[in-house]
Amino acid sequence: PTPIVQVVETPAPLNVELDQPFQLHVGQRGYLESAGLTVELQTILSDWRCPSEVECSEAGAVDLAIYAWLSGLEPTRFEWSANPIIHQDTIPYDAYEIRLLAVYPYPATPEQSIPLEDYQVTLAVSLKPE
């Protein structure tokens, strides 16, 4: 038998602007042309946020992995735990900061399983403060 190969279409890269929020789906890239900086949402590693229809003692977090690289350089992988309690919402890269602003969709119930392709993160790239 011939194996069946599933081709997954990669979303088109987005042109992004400094200090402006942008949304990426898993596998999608944002490109900041003025800096030659590319940011890619590689995957969602885990999602243990408290569902909106449940009362929890903690908000929980979503863990994700991104790649960032400047033109001509190898990508650097960052694993990120977006947890509102520890306020880990910024990753430094070269002369820039990549900020995580939001992760959608938000789970409604504990039974809800969000397909990987449905995730969307909102990021922004800024210059590091001097």
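The values are calculated or read from the model by the stated rules, or taken from the named source; none is laboratory data. All figures in this text were calculated on a predicted structure; none of them were measured in a lab. Cβ placement follows ideal geometry from the backbone for every residue including glycine, while neighbour counts extend to all protein chains displayed. Calculation scope for accessible area: heavy atoms of the full protein, side chains included, ligands and nucleic acids excluded. Shrake-Rupley method; radii C 1.70, N 1.55, O 1.52, S 1.80 Å.
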| said: Which of the strands (runs of 3 or more DSSP E) found entirely inside the stretch 36-130 contain at least 2 residues meeting this: under 19 Å from residue 26 (Cα atoms) and of a type in the set (Gly, Ala, Ser)? | reply: 62-70, 76-82
| said: Out of the residues in the stretch 1-50 meeting the condition of being open to solvent by less than 30 Å² (accessible area, probe 1.4 Å) and at pLDDT below 90, tell me which one is farthest from residue 72 (Cα to Cα). | reply: 50
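Pull up the stretch 82-95, narrow it to residues that are hydrophobic (A, V, I, L, M, F, W, C) and surrounded by 14 or more Cβ atoms within 10 Å (Cβ to Cβ), then point me to the one that is modelled with the lowest pLDDT.
Step one: filter the stretch 82-95 for residues hydrophobic (A, V, I, L, M, F, W, C), giving 82, 85-86, 91, 95.
Cutting the leftovers down to surrounded by 14 or more Cβ atoms within 10 Å (Cβ to Cβ) gives us 82, 91.
On the way: 82: 77, 91: 91.
Top of the filtered list is 82.
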| query | Any residue in the stretch 71-81 that is in contact (Cβ under 8 Å) with a residue 40 or more places away in the chain and open to solvent by 50 Å² or more (accessible area, probe 1.4 Å)? | reply | no
| query | Hey, does the stretch 54-67 have a residue that's under 15 Å from residue 124 (Cα atoms) and at pLDDT 95 or above? | reply | yes
| Limited to the stretch 96-117, what total is found for residues that are exposed (fewer than 13 other Cβ atoms within 10 Å of the Cβ) and modelled with pLDDT of 95 or more? | 0
